[in-house]
Amino acid sequence: MSHIASNVVRGACPHDCPDTCALLTTVENGRAVKVQGNPAHPMTDGVLCAKVSRYTERTYHPERVLTPLRRVGPKGSGQFEPVGWDEALDAIAARLQAIAARDPQAILPYSYAGTMGLVQGESMAARFFHQLGASLLDRTICASAGAEALTQTLGNKVGMKVQHFAESKLIVIWGSNPIGSNLHFWRIAQEAKRNGARLVCIDPRRTETADKCHEHIALRPGTDAALALAVMHELIQHGWLDQDYIDRYTLGWPALRERALQWAPERAAAVCGVPAEQICRLAQDWGTTTPAAIRLNYGMQRVHGGGNAVRAIACLPALTGAWRHRAGGLLMSSSGHFPVRRAALQRPDLLGERRPRTLNMSTIGDDLLRHSSSTFGPRVEALIVYNSNPVAVAPHSGRVVQGFAREDLFTVVLEHFRTDTADHADYILPATTQLEHWDIHTTYGHTDVLLNRPAIAPVGQARTNTDIFRALAARMGFDDPCFAETDVQLCRSAIGDAQDFEVLLAHGFASLPVPDAPFAEGNFPTPSGKCEFFSQRLADQGLDGLPDHVPNHEPVGSDPRHPLAMISPPARNFLNSTFVNVQSLRDIEGEPWLEIHPQDAASRGIADGTVVEVFNDRGRYRCKARVSDRARPGVVNGLGIWWRKLGLGGTNVNELTSQKLTDMGRAPVFYDCLVEVACA
């Protein structure tokens with residue numbers, strides 16, 4: 001029998017999910033054979049989602065890109081030939097140098113959270129683009145409206161410790177489907193439920209999570225602030241307020257009180273499309289249960305008034321003094337707790353005196369089609385895409401495809417697979433997966449730092465993102481010593497404290513010292529130190545300093561040709577556009593589906609399983625109808641995000657979404673979208 005050399009390597013899940021799990025990868029004779037959750041990490045507790053437990057299927061996928069590729073056919077045709085690394089890097093560097101000689105701002109990086117790692121994300125890449133003087137990218141596509149709202153209310157992306165939800169007596173799960181996208185929180189919520197907690201789910205869709213809660217409030221998309229203001233109205237009317245907490249630790253209550261009193265439950269019920277009794281019951285639950293906690297997630301801020309909605313909801317815990325208890329308050333994101341040394345990692349000082357323009361990743365469709373002008377600056381001539389798949393995930397994808405199809409646009413894509421975006425590249429460079437590189441991870445759903453060690457050598461000719469940008473920097477003549485730093489040095493500098501790094505090397509994770517009830521006595525990281533119902537900073541920008549209900553750009557009833565509101569939450573087996581090409585997961589998911597309420601289906605002659613066309617003035621999308629009360633009347637759910645080329649008609653749900661932006665945070669409005677549906 002041949003000897004099997006086996007070892008287990010500690011790592012971290014790289015994906016855009018609040019759980020940031022600790023991984024154990026079993027390696028036999030240099031090949032990863034199994035990826036499991038690390039039972040020693042309390043949050044992960046040995047459990048992984050179905051997606052990441054199949055991670056070796058991604059790393060060893062038969063379609064993985066393992067050599068640099070050069071385009072030989074028209075853009076989008078997916079016709080490429082293999083090319084050596086030196087040839088590819090030389091050609092890319094020469095093209096970038098020629099463009100930069102005219103104006104480096106004609107070069108644009110495009111990246112997001114294909115990995116959440118601080119090192120393979122924005123470290124060496126950011127240094128490269130800063131040194132080059134390229135256009136900056138406003139990374140808004142997921143969470144920036146909610147992030148801005150939390151910052152304007154609580155002072156940062158901070159909140160409860162997730163583990164303390166186990167002791168809550170009321171848990172409001174607002175705009176979140178944790179069974180699909182926050183599994184480890186759901187296990188904590190289940191523990192609370194077994195101990196007698198009441199669970200309320202607020203979501204336009206009857207999700208798998210809503211099925212398991214005591215109550216589901218199926219409001220219309222984009223009406224969350226109206227609901228929160230009506231809850232405040234009832235708290236005031238019934239005296240369910242902690243006046244002492246309000247007086248000591250909040251700012252702007254008299255003005256917010258006056259606004260909330262305009263939102264009787266009946267008014268909010270008409271806006272939200274839910275019974276007034278449900279609103280009154282939610283207010284009574286919130287006002288009379290201790291400790292009470294809200295798990296808020298980013299789905300509800302993908303609408304015009306998303307920032308205001310988060311602000312309104314983030315005010316609720318202070319009104320009832322919920323923050324006094326460690327099991328009370330709110331959690332949307334914990335990422336503000338982490339002392340990441342972003343300037344040390346990204347080196348914005350390399351820009352010197354230059355101040356390049358900033359382009360918003362959410363309007364890439366329009367921006368790639370703009371010509372040079374005094375207001376816009378130079379036309380985008382080169383695009384370097386890493387950790388992202390914009391042709392599938394950016395809004396109004398018909399426009400995005402048009403931009404990517406420009407013959408005069410030089411596009412380089414760092415990827416594992418031939419995604420929709422990679423099909424439009426001039427060069428595809430093979431990147432490593434999480435099993436093949438060092439990285440360090442913070443999280444937005446708990447308060448541990450995790451270290452990812454490489455379990456295996458890079459597969460094929462794959463290189464780390466950091467290596468690729470180091471090699472380009474060398475060819476561009478960038479000789480600052482920072483470009484020579486190794487990935488391990490970058491991991492060390494990311495969090496700065498060398499002692500912590502020894503803990504990470506030994507255990508794979510380390511906990512931040514965050515107090516159990518951080519705002520029991522105020523101490524909010526706002527300018528005033530208080531929970532700011534009124535934000536002077538927003539008022540200084542000419543915005544409303546108080547939260548309000550801001551209607552959708554496309555409110556239901558405003559367009560008789562497109563009477564249905566559409567939201568596009570993630571399909572359970574995918575994570576945005578990641579895992580769509582993992583056959584075992586795609587087999588479970590089946591096909592692109594649109595959930596439609598029986599009432600809306602009947603009036604359109606749509607039967608379950610019918611191929612339908614979903615359309616508006618921006619585009620058309622073909623998928624299969626699932627007639628189901630998971631959809632509420634008047635709202636359809638287009639489960640995403642399928643790769644365009646794996647869908648039924650070569651498009652996906654983002655054919656329909658718009659490039660309009662939110663009220664704050666400059667974020668996209670994926671769930672603020674009117675459509676009509678017809679049999680195809």
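The values are calculated or read from the model by the stated rules, or taken from the named source; none is laboratory data. What you see is a predicted model; the values in this text were computed from it and never measured. Glycine also receives a Cβ, built like all others from the backbone with ideal geometry; neighbour counts cover every protein chain displayed. Heads up: the accessible areas ignore ligands, DNA and RNA and are worked out on the full protein's heavy atoms, side chains in. Shrake-Rupley method; radii C 1.70, N 1.55, O 1.52, S 1.80 Å.
Scanning region 506-522 for residues that are over 28 Å from the mean Cα position of the chain (by Cα) and loosely packed, with under 15 Cβ neighbours inside 10 Å returns 506, 521. Among the numbered criteria (1) of a type in the set (Val, Ile, Thr); (2) touching a helix residue (DSSP H, G or I) at 6+ places or on another chain (Cβ under 9 Å); (3) open to solvent by 10 Å² or more (accessible area, probe 1.4 Å), which single criterion is violated by residue 503? It fails just one condition, (2). Of the residues making up region 609-627, those that are part of a loop (DSSP other than H, G, I, E, B) and either touching a Gly at 6+ places or on another chain (Cβ under 7 Å) or without any contact (Cβ under 8 Å) to a residue 60 or more places away in the chain (or both) are 609, 617, 618. So, in region 496-520, exactly how many residues are among the polar types (S, T, N, Q) and closer than 18 Å to residue 336 by Cβ? Result for region 496-520: 1. Against the list (1) more than 16 Å from residue 652 (Cβ to Cβ); (2) buried (at least 20 other Cβ atoms within 10 Å of the Cβ); (3) within 26 Å of the chain's Cα centre (by Cα); (4) touching a residue at least 60 places away in the same chain (Cβ under 8 Å), the condition residue 419 fails is (1).
Only one entry of 219, 251, 241 meets the criterion of being under 21 Å from residue 323 (Cα atoms), open to solvent by less than 60 Å² (accessible area, probe 1.4 Å) and either within 26 Å of the chain's Cα centre (by Cα) or of a type in the set (A, V, I, L, M) (or both), and that entry is 241. Residues in region 628-641 include none that are buried (at least 24 other Cβ atoms within 10 Å of the Cβ), hydroxyl-bearing (Ser, Thr, Tyr) and under 22 Å from residue 556 (Cα atoms).
Looking across region 9-25 at every residue that is part of a loop (DSSP other than H, G, I, E, B) and among the charged types (D, E, K, R), the one that is most open to solvent (accessible area, probe 1.4 Å) is identified as 16. Checked against (1) in contact with a strand residue (DSSP E or B) (Cβ under 8 Å, 6 or more places away or on another chain); (2) farther than 18 Å from residue 338 by Cβ; (3) surrounded by 24 or more Cβ atoms within 10 Å (Cβ to Cβ); (4) aliphatic (A, V, I, L, M), residue 119 passes all but a single condition, namely (2).
For residue 105, state whether it is in contact (Cβ under 8 Å) with a residue 24 or more places away in the chain and under 17 Å from residue 415 (Cβ atoms). No, not satisfied.
Restricting 208, 277 to residues that are among the acidic types (Asp, Glu), surrounded by fewer than 18 Cβ atoms within 10 Å (Cβ to Cβ) and more than 24 Å from residue 637 (Cβ to Cβ) narrows the list to 277. When 396, 337 are screened for being more than 27 Å from residue 464 (Cα to Cα) and touching a Gly at 6+ places or on another chain (Cβ under 6 Å), only 396 passes. Of everything in region 530-542 that is more than 16 Å from residue 315 (Cβ to Cβ) and assigned to a loop (DSSP other than H, G, I, E, B), the residue that is least open to solvent (accessible area, probe 1.4 Å) is 542.
Of all residues in region 367-380, those that are on the phi < 0 side of the Ramachandran plot and among the hydroxyl-bearing types (Ser, Thr, Tyr) have Cβ atoms under 6 Å from Cβ atoms of residues that are buried (at least 16 other Cβ atoms within 10 Å of the Cβ) and not in a strand (DSSP E or B), 6 or more apart or on another chain, in 372/378; 372/379. With the structure loaded, tell me whether residue 158 is touching a Cys at 6+ places or on another chain (Cβ under 9 Å), open to solvent by less than 20 Å² (accessible area, probe 1.4 Å) and not in a helix (DSSP H, G or I) or whether it fails that test. So residue 158 fails the test.
Filtered by the rule that a residue be of a type in the set (Asp, Glu) and open to solvent by 40 Å² or more (accessible area, probe 1.4 Å), region 327-369 gives 349, 353, 366. Residues of region 390-413 that are under 24 Å from residue 116 (Cα atoms) and open to solvent by 10 Å² or more (accessible area, probe 1.4 Å): 393 alone.
A residue that is buried (at least 22 other Cβ atoms within 10 Å of the Cβ), of a type outside the set (A, V, I, L, M, F, W, C), modelled with pLDDT under 95 and under 26 Å from residue 142 (Cβ atoms) occurs nowhere in region 550-560. Between 87, 28, the distinction of being surrounded by fewer than 18 Cβ atoms within 10 Å (Cβ to Cβ), modelled with pLDDT of 95 or more, among the charged types (D, E, K, R) and over 24 Å from residue 7 (Cα atoms) belongs to 87 only. For region 404-421, the tally of residues that are of a type outside the set (Asp, Glu), out of contact with any Phe, Trp or Tyr (no Cβ under 8 Å at 6 or more places or on another chain) and closer than 19 Å to residue 96 by Cβ stands at 4.
The single condition among (1) among the β-branched types (Val, Ile, Thr); (2) open to solvent by less than 10 Å² (accessible area, probe 1.4 Å); (3) more than 21 Å from the chain's Cα centre (by Cα) that residue 440 does not meet is (3).
A count restricted to region 468-500 and to residues that are among the hydroxyl-bearing types (Ser, Thr, Tyr) and open to solvent by 50 Å² or more (accessible area, probe 1.4 Å) stands at 1. Take residue 554 and tell me if it is touching a residue at least 40 places away in the same chain (Cβ under 8 Å), under 27 Å from the mean Cα position of the chain (by Cα) and assigned to a loop (DSSP other than H, G, I, E, B). When the stated conditions are applied, residue 554 passes them.
Consider only pairs whose beta carbons are under 6 Å apart and that are at least six residues apart or on different chains; among these, list those whose first residue lies in region 9-37 and is more than 30 Å from residue 297 (Cα to Cα) and whose second residue is hydrophobic (A, V, I, L, M, F, W, C) and modelled with pLDDT under 95. Between residues of region 9-37 that are more than 30 Å from residue 297 (Cα to Cα) and residues that are hydrophobic (A, V, I, L, M, F, W, C) and modelled with pLDDT under 95, the close pairs are 28/4; 29/5. Selection of first residues in region 460-488 that are outside any loop (DSSP other than H, G, I, E, B) and of second residues that are open to solvent by 50 Å² or more (accessible area, probe 1.4 Å), restricted to Cβ pairs under 6 Å at least 6 apart or on distinct chains, gives the following pairs, ordered by first then second residue: 482/347; 487/438; 488/438. The number of residues in region 566-608 being modelled with pLDDT under 95, in a loop (DSSP other than H, G, I, E, B) and not hydroxyl-bearing (Ser, Thr, Tyr) comes to 13.
For (1) under 32 Å from the mean Cα position of the chain (by Cα); (2) part of a loop (DSSP other than H, G, I, E, B); (3) crowded, with 18+ Cβ neighbours inside 10 Å; (4) not polar (S, T, N, Q), each residue gets a yes or a no:
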{"residue": "257", "(1), (2), (3), (4)": "no, no, no, yes"}
{"residue": "262", "(1), (2), (3), (4)": "no, yes, no, no"}
{"residue": "268", "(1), (2), (3), (4)": "yes, no, yes, yes"}
{"residue": "287", "(1), (2), (3), (4)": "yes, no, yes, yes"}
{"residue": "299", "(1), (2), (3), (4)": "yes, no, yes, yes"}
{"residue": "310", "(1), (2), (3), (4)": "yes, no, yes, yes"}
{"residue": "315", "(1), (2), (3), (4)": "yes, no, yes, yes"}
